[in-house]
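K.L.:
Dropping the structure in here first, questions after.
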Amino acid sequence: MRKGERMPNNRNKELRKFEKSLPIALLRAREATTRLFKPFIESHDLTMPQWRVLRALAEADALDAKTLAERCVILPPSLTRIFRCLTQRGLIAQVECNDARRHMVRLTDAGRTLFEDVVQESEPSYIRLADAFGPERLDSLLDLLNELRDTVQTMDTPAEEQSPPLRKAAGAR
């Protein structure tokens, strides 16, 4: 089989070779880029999800939990733990909100200082990456990844994934 060809599976459908799997390629790219920046984040006793929250808040006055969960790709229960940790460290603070159902947070001065410290330390690595990959190619890649996400989110969900089959209640016919 030649590079890039599809490999037939048992049902006579074509299956992409492992190396041409989009989810695998995305995971590998994520892992490689994470390894580049993770040391800067960990040196400040932060996890990657905590950093994503600080990063998102650095571009806004305040954000609610739902927006942060979506923007940072973090499940709400994990976000609650992250809020607790970052609040205890004095990096974020709750913001008063007229809607009691919304949990709004913002960076504190200490949180902004930490954010700026991490950016200052990691920026040379980002510049090296952009130089090695090509700044225009990196911008194009980011645009394409955002377009891919938008495309996938607007695609129709296959019927079998729309809702799980209903189970009959015990004893029902």
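Values in this text are rule-based calculations from the coordinates and carry no lab data. Since the structure is predicted, the reported quantities are computational estimates derived from the model, not experimental observations. Every residue, glycine as well, gets a Cβ built from its backbone with ideal geometry; the counts of neighbours run over all protein chains shown.
K.L.:
What whole-number volume per residue, in cubic angstrom, does the convex hull of the C-alpha atoms of region 1-154 give?
P.N.:
Hull volume normalised by residue count: 173 Å³.
K.L.:
Right, here's the next one. Spelling out what I want: for every residue of region 21-37, take phi, set θ = phi - 60°, compute 6.51 cos²θ - 1.76 cosθ + 1.60 (Karplus), and round to whole Hz; glycine and proline get x.
P.N.:
Calculated HN-Hα couplings, in order: 7, 4, x, 5, 4, 5, 4, 5, 5, 4, 4, 5, 6, 4, 4, 5, 9 Hz.
K.L.:
Follow-up. Expected output is a single nm value to one decimal: the length gained when fully extending between Arg102 and Arg149, i.e. 0.36 nm times separation in residues minus the C-alpha distance. What is it?
P.N.:
14.3 nm
K.L.:
Pull up all non-local amide H partners of Leu15: gap of 5 or more, or a different chain, and H-to-H distance under 5 Å with H placed in the peptide plane.
P.N.:
Met7, Asn9
K.L.:
Obtain the nm distance between the two label points defined at Arg89 and Thr47 by a simple spin-label model: each point lies 7 Å from its Cα along the Cα-to-C-beta direction.
P.N.:
1.1
K.L.:
Using only Cα atoms, locate the centre of region 19-52 and the centre of region 89-139, then give the distance between them in Å, rounded to an integer.
P.N.:
Going from one Cα centre to the other spans 15 Å.
K.L.:
Let me ask something additional. Could you pull out every residue, at least 5 positions away or on a different chain, whose amide H is within less than 5 Å of the one on Ile92? Hs are placed 1.01 Å off N in the peptide plane, and Pro or chain starts have none.
P.N.:
Amide H neighbours of Ile92, under 5 Å, 5+ apart: Thr87, Thr108.
K.L.:
Still on this model: Working out 0.36 nm times the residue gap between Asp139 and Leu75, then minus their Cα-Cα distance, what length gain in nm do you get to one decimal? Present the calculation step by step, with values, prior to reporting the outcome.
P.N.:
Details: separation 64, 0.36 × 64 = 23.04 nm, distance 2.77 nm.
Roughly 20.3 nm would be gained on extension.
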